[in-house]
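Working notes, structure below.
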Amino acid sequence: MTIEVGAAHRDEMRRHAEEAYPHECCGFLVGVNGEKGKTIRSIRRAANTRDDSPQNRYLIDPLEFLKAERQARADGLDIIGIYHSHPDHPARPSEFDREHAWPYYSYIIFSVERGNVVDARSWLLDESRAAFTEEAAEGLEIQ
Amino acid sequence: MPKIVIPSALKGFTGGHGEVNVEGATVGAALDAFVERFPDMRKHLYDDSGRLRHFVNIYVNDADMRELQKTETPLNETDEVSIVPAIAGGVDTAADPLSGQPWLNNRLSSLPELNQEEKLRYSRHLIMPEVGVEGQRKLKAASVICIGTGGLGAPLALYLSAAGIGRIGLVDYDVVDFTNLHRQVIHFTGDVGKPKLQSAAEKIEQINPNVTLDLHETVLTSENAMDILRPYDIVIDGTDNFPTRYLVNDACVLLGKPNVYGSIFRFEGMASVFDARRGPCYRCMFPEPPPPGMVPSCAEGGVLGILPGLIGVVQATEAIKLILGIGDPLIGRLLWIDALKMRIRELKLAKDPDCPVCGVNPTIHELIDYQQFCGIPTHQEEGLGSEWEITPREVKARLDRGDRLQIIDVRNPEEWEISRIEGARLVPLPQLADRLGEIPRDVDLVLQCKSGVRSARALEQLRDAGYTRLKNLQGGILAWSDEVDPSVAKY
C-alpha cells in the first residue's frame, strides 16, 4: 500500500506539529482510497483534548471525528488516516499508539526535535492489530 | 428506518457502504440488526464477552449513547447511529526511561551498524516493528552490568548475550560449587571448582561472540561500586543478600541509572525496575533491612531450581525493553510470582518523598557501610566465645572414649533426611523452646546444624533456659563430614 501525501499537505502538517511543540498535535487525513492506494486531498486539524498530558498523548473528541467524517463525505471523500506528532521522540508508533489504532487508517507520525520536524513516516496497523508496518508515503520526506 | 453510519475503516465489512438502513426501535436493536446483516462486523465492535470495544464509540446524531440511555436509547425513523472510532495515541514516555541516554538522542547514523552475520542472527528481532534494525542497533550500542552470576545472573547472562547486548559486565568472585548446578544453568558439571566468571565467559563466547565482556572478579563494595557501575547503561541486581541490594540501589540512585531488581526464595520471586528518576527505588519499598537472620537466604531456606530462571528472564526482558524504549516497564510495580500456586500478582509501589536516598531531601549523598546498616555482625562479635565451641574431632574422640554426650541436631527435618550424624537427636530450632522437656539437663550437649550458625543461636536459647553443659559443633555437619566421617553427605 502507498499513500500519496504531496508537499503542500506535508508542509501543512509539519507547521501544525511545530506550532504545537512541545505538545502533540493531531488531525485528519482526508482523501480517497483508490485502487492504487490512498491520496490525501486535504488536511483537517483536530484539537488535542488531552489537557492532562498533551506533551505525550493525544485524543480526538469523537464528535470532532464525526463532524470531520460528515464533511468529508459531503465532499465525496473519506477520512483515510490520522496524523500526529511525537515531540522529542522518533517517528515510530508507540505501544500506546498501537493499542489505540485502527487497521485501514494511515497513521502519519512527525518526529519533532526541539521544535523542528526532523522525520515523518506513515504506518499501517495490520488486521490482527498486533503490529504496525511502515507504509510507503510519496512526498512525505523531510529534507 | 434509522441509518447506521460506518467509518471508512470498517467499510470493507459492509461491501463498501458508508451508510446502511436497518430496522430497530432502540440503538441496541439497530446494532443487532446491523451485525446480523454483516457478521464480520461483530468482532470489530464487540469483545468476546459482548461488550462494546473500548476503541469504539456509538453516537446517536450528535450525542454519545453513553450519555443517553446507552443501548436502550430509542430511535426514530430519521435518526443516525454513527460508529465512531476512538482516535488516541502518543509517545510512551514512561516506557522511555532511557530518554536521557545517549543512543535515544543520537541520530540513527551514530548507532553501530549490523553486519550480515548479525542481521541473520537477529532476524527474528529485526522483523518485529518494535525492535527492527534500529532497535537491534540500540541493543548493540547498550551496556548492561549484572551483579552476580548465580541463580539470577545465569539466565540473565545467557539471554542478554543471545539478544545481542553489545557490552555485558559481570561481577562475581565465587567459584562454581556442586550446590549451584541445579539452578545456575550457565555453569556445567565440569565447571565445578572454576571461577564463576571464567565459566560464564566461556558459555557467553559460545552463545554470541559479538558480545564484549567485562569480567569484574571482585566483591562489590562501597569503595568500588560507583566506579564499576558508572560505565554501564543498566544495572541488574542478581544478588542474594541485603547489604549488596542496598549498595546497588544507592549506587544506582546516585548515578542516575535504572536498577532491574529480582529476588527469589523457595517458590516465590519478585521483580521490579527501580529508576529513581521516574519512580520509587528499593529503599522506598524497604526503608530498613529486616533483622539479620529473619529472612533466610537460599542457602538456608532452599529455592526451586527453576524459579531464578523465571525471575531472571523477567529481569532480562525488562532490561531489553528499557533499551528499546518499548512497552510498559516495571517501574512503580512489583511483580510477585508464586510458582507453587502459579499466580502472578502485581503490587503498586509509590515513590517515598521521605526516602533518604531518592526523596525530596535526601540524607544519603554517598555510599555508606552496608554491612553495618544491615546489622551484620563483624567476625569478632559473631562467635560465642571459644569456651562454648567444640571441634568435630574432639566430639569424635569423646564419643570413642564412651563419654555420655548427646548431639542435638537443630536443622530442619528436610535436612535431616539428606544426612545426619549417627546418634544425634533432631530438634529443629523453631521448635526448640517448646521441646525443652525432651532435652536432658544431666548430660553434655553438643548442638549441631549445617555450618554452626543456627546451632549457636540454639546454644544461646538453651543457656538462657538455664542449661550449662553446652557446646556448639564448629562448622556443623559439613565439618563433621570433612574431618570425621566422609560418608555423611554434604549439601
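The values are calculated or read from the model by the stated rules, or taken from the named source; none is laboratory data. These figures come from a predicted structure and were not determined experimentally. Backbone-built Cβ (ideal geometry, glycine too); neighbour counts: all protein chains shown.
Table for the structure above
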item	result
Single match in A:Glu64, A:Glu141 (criterion: more than 8 Å from chain B (Cβ to nearest Cβ), under 16 Å from the mean Cα position of the chain (by Cα), under 30 Å from B:Glu67 (Cβ atoms) and not polar (S, T, N, Q))	A:Glu64
Number of the condition not met by A:Ile82 [criteria: (1) within 8 Å of another protein chain (Cβ to nearest Cβ); (2) assigned to a loop (DSSP other than H, G, I, E, B); (3) β-branched (Val, Ile, Thr)]	(2)
Filter result (surrounded by fewer than 17 Cβ atoms within 10 Å (Cβ to Cβ) and among the hydrophobic types (A, V, I, L, M, F, W, C)) within region B:12-32	B:Ala25
Segments classed as helices (runs of 4 or more DSSP H), wholly inside region B:391-491, with at least 1 members that are hydroxyl-bearing (Ser, Thr, Tyr) and surrounded by 13 or more Cβ atoms within 10 Å (Cβ to Cβ)	B:453-464, B:476-483
Residue within region B:375-389 that is polar (S, T, N, Q) and modelled with pLDDT of 90 or more present	no
Residues of region A:1-50 satisfying the condition of being of a type in the set (Lys, Arg) and under 12 Å from A:Phe110 (Cβ atoms)	A:Arg10, A:Arg14, A:Arg15
Odd one out for A:Ala72, checked against (1) without any contact (Cβ under 8 Å) to a residue 24 or more places away in the chain; (2) within 12 Å of another protein chain (Cβ to nearest Cβ); (3) more than 18 Å from A:Ile108 (Cα to Cα)	(1)
Single residue of region B:192-222 satisfying the filter (touching a residue at least 40 places away in the same chain (Cβ under 8 Å) and of a type in the set (D, E, K, R)) that is farthest from B:Ile147 (Cα to Cα)	B:Lys203
The listed residue being over 18 Å from the mean Cα position of the chain (by Cα) and buried (at least 18 other Cβ atoms within 10 Å of the Cβ), out of B:Leu170, B:Leu254, B:Leu181	B:Leu254
Residue list for region A:1-43, restricted to those being in a loop (DSSP other than H, G, I, E, B) and surrounded by fewer than 22 Cβ atoms within 10 Å (Cβ to Cβ)	A:Met1, A:Gly6, A:Tyr21, A:Pro22, A:His23, A:Glu35, A:Lys36
Residue in region B:313-329 that is in contact (Cβ under 8 Å) with a residue 12 or more places away in the chain, exposed (fewer than 13 other Cβ atoms within 10 Å of the Cβ), not charged (D, E, K, R) and not in a helix (DSSP H, G or I) present	no
Residue selected from region B:222-241 under the condition within 19 Å of B:Leu307 (Cα to Cα) and modelled with pLDDT under 95, by the criterion surrounded by the most Cβ atoms within 10 Å (Cβ to Cβ)	B:Gly238
Residues (within 11 Å of chain B (Cβ to nearest Cβ), of a type outside the set (Gly, Ala, Ser), under 19 Å from B:Glu130 (Cα atoms) and outside any loop (DSSP other than H, G, I, E, B)) located in region A:88-120	A:Glu95, A:Phe96, A:Asp97, A:Arg98, A:Glu99, A:Pro103, A:Tyr107, A:Ile109, A:Asp119
Failed criterion for A:Ser128 (all others in (1) hydroxyl-bearing (Ser, Thr, Tyr); (2) within 9 Å of chain B (Cβ to nearest Cβ); (3) farther than 19 Å from B:Gly90 by Cβ hold)	(2)
Count of region B:70-110 residues which are closer than 30 Å to B:Val273 by Cα, at pLDDT 50 or above and at the interface with chain A (Cβ under 8 Å from one of its Cβ atoms)	6
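Rundown of residues vs (1) touching a helix residue (DSSP H, G or I) at 6+ places or on another chain (Cβ under 6 Å); (2) within 25 Å of B:Ala88 (Cα to Cα), yes/no style:
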residue	(1), (2)
B:Lys3	no, no
B:Phe13	yes, yes
B:Gly24	yes, no
B:Glu36	no, no
B:Asp40	yes, yes
B:Lys43	no, yes
B:Asp48	no, yes
B:Arg51	no, yes
B:Pro74	no, no
